[in-house]
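**Student:** Pasting in a structure now, in structure tokens, and then I'll have a few things to ask.
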Amino acid sequence: MGLNYYHIKKNILRARRLVIKSTSIAGSGHPGGSFSMAEIMGCLFYKFLKFDPSNPSWEDRDRLVLSKGHASPGLFSNMAVAGYIPESELETLRKFGSRLQGHPDLKCPGVEFCGGSLGTGLSYSIGVALAAKMDNKDHHIYTIIGDGESNEGQIWEAAMTASKYKLDNLTAFLDRNFIQQDSYTEKVMPLDEELRDDNISEMWKDASRWKTGDKWRSFGWNVIEIDGHRIEQIDLAITKAIAAKGIPTIIISRTIKGKSIEHMEDNPEWHGKAPNPEMVPLINLELDSQFMIAPSIIAGDMTNLENEVKRCVHGRADYIHLDVMDGQFVPAKTFDYNKIKELRSLTVIPFDSHLMISEPVKHVKDYVEAGSDIITVHAEVCDESSFGEINDLLKQSQVSVGLAINPDTDLPEWSYKFLPTLDQLIVMSVFPGKSGQKYITETHEKMNKLKSILKDHKFTGYIEADGGINLENIGSCFEDGARAFVGGSAIIGQPDVREAIREFRNQVLKTRRKTLIKKAHQLGGSDLVHKWIGLHVVGKKKEQITKIAQEEGFI
Ligand code: DX5
Ligand code: ZN
């Protein structure tokens, strides 16, 4: 089965928006810690957890215990997206009589544990895991604990117990966001090494300073350390945890408190504070503006694609864009699914396979089996029936579905019916066939025309800009609505892929900030612009955004 990447990603976005809606209406709550565990929750709810929302007490369900109970908005929003409760009920968060309180309790269907007094959820999970073993049941127990919560002695008592009883049906996640109630964890009670200063990101980068895992290993646990916001890494870690026998697993997930909203990220202020309702439209726009960078490896050494993939991994690419050309749909030939199969074992980074092949319906299964995570076929060689077949096969295989159109092709009307569930739309800005071509500027106009069609047909996927993307045009491609950016010569063609990807990201970030400032000005003039900028208190963000606002004449 595939990663189900976009299915998970789209639901995570829905859940994050519900966290913002519910906490801003309630005027209180914990968005920061709900966002740091958002991808973990997404992988659990939309891929691994066995549950039935219509039968919450199904005895063979997997159990999800939120030990860090204050992040209840993060739990409730995913339970709503997963179908336990109506999404509208999130508007009752923390109100008298509501089933959704500041900490989860059993009044809400699907809640397994009354979280809140920190440190007890892991012990409770052990009890449930022990009971399952005694009853010869094979459901799995997942529990999410906080790093601040690890100050509680009961966590360590529970850690000893779980390994004593070899509870391999128990998987814990440590939401390692380095921030607790009122400061940085490493200042209150270090789990890793002491912080040298408030710049948590330096702790992220230096794995030699990560000591938390050693503590859990010494307590007899199987330890997996991941980037807690990478769906593909969470997916692999859970798979490994389920396979581990005779030992409990903890997945130490390096996360960012407030992840996805710049002014909340790594900011202790947002541990337990609700967003101001006037900021919600800006926050939602920022949530809709998460973006991905996808290097195209055919721009590199075609005789050593393994090395090109390794360069993408080192460069921290979000996807790896694989341009398959069969010499029929386009004159050039690159590689086929056999090469993809070879490359697959090198990394779990999502393979974004762009099939420039004729009769894709005949071959797409080979690309699923080769390990593609996203498969995009060209509208020029499909019709409603063949694309319907491709769509069904990919959905069943948990592979994300993409459709591509050439510069001289409009989105065909037969495709409109697929738009509500289509994951990716590639709008080619070069004629397919090779990398290193110049961006066709008429694409901007085409993207603008597309916007209304996509809106009318409830497209909730991601637009991928592909062809001639570089630092000069990526900002305007973002403004056109693209959220995934393919870089061939502008990334893989560069000597330092990591630097090139960093520059791509910075350029998109600058454009996104400009878009948000413009929106703030539309909504509330320079007064709201100043308020919005004022929220960005961590690092150099405030001066960077102020500069953009001044350059654009909004302040
Ligand atoms: C062209 C491919 C593109 C191309 C991108 O047929 O679909 O992905 O490799 O390379 P650049 O960014 O150099 O145009
Ligand atoms: Zn491509």
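Nothing in this text is a laboratory measurement; each read-out follows from the coordinates by a stated rule. Bear in mind the structure is a predicted one, so any value in this text is a computation, not a measurement. Please note: Cβ atoms are built from the backbone with ideal geometry, for glycine as well, and neighbour counts cover all protein chains shown.
**Student:** Antiparallel as a % of all DSSP beta bridges within the chain, to the nearest 5? Before the final figure, lay out each step's value.
**Tutor:** Details: 3 of 57 bridges.
The answer is about 5 percent antiparallel.
**Student:** Mind sorting I283, I545, I200 by how few other Cβ atoms lie within 10 Å of their own Cβ, fewest first? Display every interim value, and only then the final one.
**Tutor:** Working: I283 26, I545 23, I200 20.
With the sparsest Cβ surroundings first, the list reads I200, I545, I283.
**Student:** Just order 418-428, 15-25, 432-442, 134-144 by mean Cβ neighbour count inside 10 Å, highest at the front, would you?
**Tutor:** Those peptides, ordered most packed to least, come out 15-25, 418-428, 134-144, 432-442.
**Student:** Hey, how many Å between the Cα centroid of region 58-129 and the Cα centroid of region 301-331?
**Tutor:** The two parts, judged by their Cα centres, are 43 Å apart.
**Student:** Related question: Starting from the coordinates of the alpha-carbon atoms of the chain, obtain the Kirkwood hydrodynamic radius over all distinct pairs and give the value in Å to one decimal.
**Tutor:** 24.5
**Student:** Further question on the same structure: Any idea what the relative contact order of region 375-420 is, in percent, if you count C-alpha pairs under 8 Å spaced at least 6 apart?
**Tutor:** Values: 32 pairs, mean separation 23.7, N = 46.
Result for region 375-420 is 51 percent.
**Student:** With r as the distance between the Cβ atoms of Q181 and E306 and R0 = 51 Å, compute the FRET efficiency 1/(1 + (r/R0)^6) and round to 0.05.
**Tutor:** 0.60
**Student:** Next question. How much length would be gained if the chain were fully extended between S57 and S28, taking 0.36 nm per residue of separation minus their Cα-Cα distance, in nm to one decimal?
**Tutor:** Result: 7.5 nm gained on full extension.
**Student:** Let me ask you something else. Would you mind computing, in nm to one decimal, how far apart the modelled labels at I440 and S98 are, each placed 7 Å from Cα along Cα→Cβ?
**Tutor:** Taking the two extended label points, one gets 5.0 nm.
**Student:** What whole-number volume per residue, in cubic angstrom, does the convex hull of the C-alpha atoms of region 64-130 give?
**Tutor:** Hull volume over Cα atoms, normalised by residue count, gives 74 Å³.
**Student:** Something else: May I ask for the distance between the Cα centers of region 335-362 and region 374-413, given as a whole number of Å?
**Tutor:** 15
**Student:** May I pose another question? Compute the Rg to Rh ratio over region 495-555 from the alpha carbon atoms, using the Kirkwood formula for Rh, and round to two decimal places.
**Tutor:** With Rh from the inverse mean 1/r over Cα pairs, Rg/Rh is 1.07.
**Student:** Which entries of K187/K510; K68/K133; K451/K518; K205/K273; K259/K531 have Cα-Cα distances beyond 22 Å here?
**Tutor:** From K187/K510; K68/K133; K451/K518; K205/K273; K259/K531, over 22 Å: K187/K510; K68/K133; K205/K273.
**Student:** For region 329-441, what does the alpha-carbon gyration tensor say about shape, rounded, prolate or oblate, given a ≥ b ≥ c as the root eigenvalues, a/c under 1.5 as rounded, and a/b over b/c as prolate?
**Tutor:** Details: a/c = 1.65, a/b = 1.09, b/c = 1.51.
In terms of gyration-tensor shape, oblate.
**Student:** On a straight-distance basis, which aspartates and glutamates could pair with K50 in a cross-link, Cα separation under 14 angstrom, same-chain partners fewer than 8 positions away excluded?
**Tutor:** Candidates past the 8-residue exclusion: E59, D60, D62, E112, D138.
**Student:** May I pose another question? If every alpha-carbon in region 292-494 counts as one equal scatterer, what log10 I(q)/I(0) does Debye give at q = 0.09, 0.18 1/Å?
**Tutor:** The computed values of log10 I(q)/I(0) come out as -0.29, -1.31.
**Student:** Taking the Cα centre of the chain as the origin, how large is its charge dipole in debye, to the nearest 20, when only Lys and Arg (+1) and Asp and Glu (-1) carry charge on their Cβ atoms?
**Tutor:** 1000
**Student:** Run the numbers on region 495-555 and let me know its relative contact order in percent, using alpha-carbon pairs under 8 Å that are six or more apart.
**Tutor:** Reported as a whole number, the value is 34 percent.
**Student:** Please name whichever of L44, L106, S67 sits farthest to the positive end of the charge dipole of region 28-276, dipole taken about the Cα centre and charges placed at Cβ: Lys and Arg +1, Asp and Glu -1.
**Tutor:** L106
**Student:** Could you pull out every residue, at least 5 positions away or on a different chain, whose amide H is within less than 5 Å of the one on I293? Hs are placed 1.01 Å off N in the peptide plane, and Pro or chain starts have none.
**Tutor:** Amide H to amide H, under 5 Å and 5 or more residues apart or across chains, I293 pairs with D318, Y319, F485.
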